[in-house]
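Trainee: Structure below; questions to follow.
Where a number appears in this text, it was derived from the coordinates with a stated rule and is not lab data. Computed from a predicted structure; not experimentally measured. Quick reminder, even Gly has a Cβ in these numbers, built from the backbone with ideal geometry, and neighbours come from all protein chains shown.
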Amino acid sequence: MIWEDEASVAFAPFASRSPFEVWVVPRRHAADFARTTDADIASTAEALRQVLGRLACLDGPPHNLVLHAAPLRERVDATYHWHWEVHPRLREIAGLELGTGLPVNPVSPEEAVEELLRHVPSGGSADLP
């Protein structure tokens, strides 16, 4: 767990596909991002601010920010949950990954969280709320 409040959480997922990958997930279950509440948007925006501020400790790498949400006008399984994913681009993809499509991540989620928790973005708090 990297950051949390009453409405959302930010964490390094188990079996991360990239070093320092972080997910930001609202606590309120919803599949469709377009129907989210203002409170969920504000909370996930703050979580993203906290995460991106901490990622600056890695010398401000470029990153991909991906929103996973239900497809427009599609019925989805009740288990689907919209969320943000942050994938810092810290290395080149090569060999095994290109040939097989299997990601290789040399940084465990536990190590990533430990490193990110040592760094607090400006205006942020070092402790989890």
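Trainee: Per-residue HN-Hα couplings for segment 27-38, Karplus 6.51 cos²θ - 1.76 cosθ + 1.60 at θ = phi - 60°, whole Hz, x for Gly and Pro?
Mentor: Result, ordered by residue: 6, 6, 6, 7, 8, 9, 4, 5, 9, 6, 8, 4 Hz.
Trainee: Stretch residue 41-residue 118 to full length: gain in nm at 0.36 nm per residue minus the Cα-Cα span?
Mentor: Values: separation 77, 0.36 × 77 = 27.72 nm, distance 2.61 nm.
Taking residue 41 through residue 118 to full extension adds about 25.1 nm, to one decimal.
Trainee: If you take the alpha carbon radius of gyration of segment 1-95 and divide it by 2.2 N^0.38 Å, what ratio comes out, to two decimals?
Mentor: Working: Rg = 14.1 Å, N = 95, 2.2 N^0.38 = 12.4 Å.
Normalised Cα radius of gyration, segment 1-95: 1.13.
Trainee: When you count, for each residue, the other Cβ atoms within 10 Å and take the mean per peptide, how do 95-108, 57-70, 36-49, 9-22 rank with the highest first? If you can, show how the numbers build up before the last one.
Mentor: Values: 95-108: 11.5, 57-70: 13.1, 36-49: 16.3, 9-22: 19.4.
Going by the mean number of other Cβ atoms within 10 Å, highest first, we get 9-22, 36-49, 57-70, 95-108.
Trainee: Also, quick follow-up: Taking the Cα centre of the chain as the origin and placing charges on Cβ (Lys, Arg +1; Asp, Glu -1), which of 112, 34, 82 is farthest toward the positive end of the dipole?
Mentor: Value: 34.
Trainee: For the chain, what is the mean residue ellipticity at 222 nm derived from helices alone (per DSSP H run of n ≥ 4: -39500 (n - 2.57); sum divided by total residues; nearest 500 deg cm²/dmol)? Intermediate values should be presented prior to the final figure.
Mentor: Working: 3 runs with 33 residues, N = 129.
The helix-only estimate for the chain comes to -7500 deg cm²/dmol at 222 nm.
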